[in-house]
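Below: one structure, written as structure tokens.
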């Protein structure tokens, strides 16, 4: 990651968290622009828990970004301050899972696919 002075002012990245078999992984990308979802610029995986994954996100982005958009298993689950990920990873992980479950259960057949909701 670039140092704080080199990061574009106001940029808020999208962190895509996902369960992969028995572990968690994430990727980082810029928000969509004019309907186009940009490719990931960074990814990491193999974390035993979602909380462990969030801690790594905080380490990777904490010096450069204050806030991120969060997607979990394809669903937009809100925005978070990076400092929350570092200080309360277990609580944030639990809250993200609850939100993801609520969003997933609210989407009806024929509604927008997970890839199209949110940033």
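Can you pull out every residue in segment 43-58 that is part of a strand (DSSP E or B) and either under 12 Å from the mean Cα position of the chain (by Cα) or surrounded by 15 or more Cβ atoms within 10 Å (Cβ to Cβ) (or both)?
43, 44, 47
Take residue 84 and decide whether it is modelled with pLDDT of 95 or more, surrounded by fewer than 15 Cβ atoms within 10 Å (Cβ to Cβ) and either on the phi < 0 side of the Ramachandran plot or in a loop (DSSP other than H, G, I, E, B) (or both).
no
Farther than 23 Å from residue 11 by Cα, assigned to a helix (DSSP H, G or I) and in contact with a helix residue (DSSP H, G or I) (Cβ under 8 Å, 6 or more places away or on another chain) - does that describe any residue in segment 59-73?
No, segment 59-73 contains no residue that is farther than 23 Å from residue 11 by Cα, assigned to a helix (DSSP H, G or I) and in contact with a helix residue (DSSP H, G or I) (Cβ under 8 Å, 6 or more places away or on another chain).
Is segment 97-114 home to any residue that is at pLDDT below 85 and on the phi > 0 side of the Ramachandran plot?
The answer is yes, given that some residue of segment 97-114 is at pLDDT below 85 and on the phi > 0 side of the Ramachandran plot.
Residues that are free of Cβ contacts under 8 Å to residues at least 40 places away in the same chain, crowded, with 18+ Cβ neighbours inside 10 Å, in contact with a helix residue (DSSP H, G or I) (Cβ under 6 Å, 6 or more places away or on another chain) and more than 26 Å from residue 106 (Cα to Cα): does segment 21-40 have at least one?
There is no residue in segment 21-40 that is free of Cβ contacts under 8 Å to residues at least 40 places away in the same chain, crowded, with 18+ Cβ neighbours inside 10 Å, in contact with a helix residue (DSSP H, G or I) (Cβ under 6 Å, 6 or more places away or on another chain) and more than 26 Å from residue 106 (Cα to Cα).
List the pairs whose first member sits in segment 50-66 and is at pLDDT below 95, whose second member is surrounded by fewer than 20 Cβ atoms within 10 Å (Cβ to Cβ) and assigned to a helix (DSSP H, G or I), and whose Cβ atoms are under 7 Å apart, counting only residues at least 6 apart or on separate chains?
62/86; 63/4; 64/4
The values are calculated or read from the model by the stated rules, or taken from the named source; none is laboratory data. On a predicted model such as this, the values are computed, not experimentally measured, just so you know. Methodologically, a virtual Cβ is constructed for each residue, glycine included, from the backbone with ideal geometry; neighbour enumeration extends over all protein chains shown.
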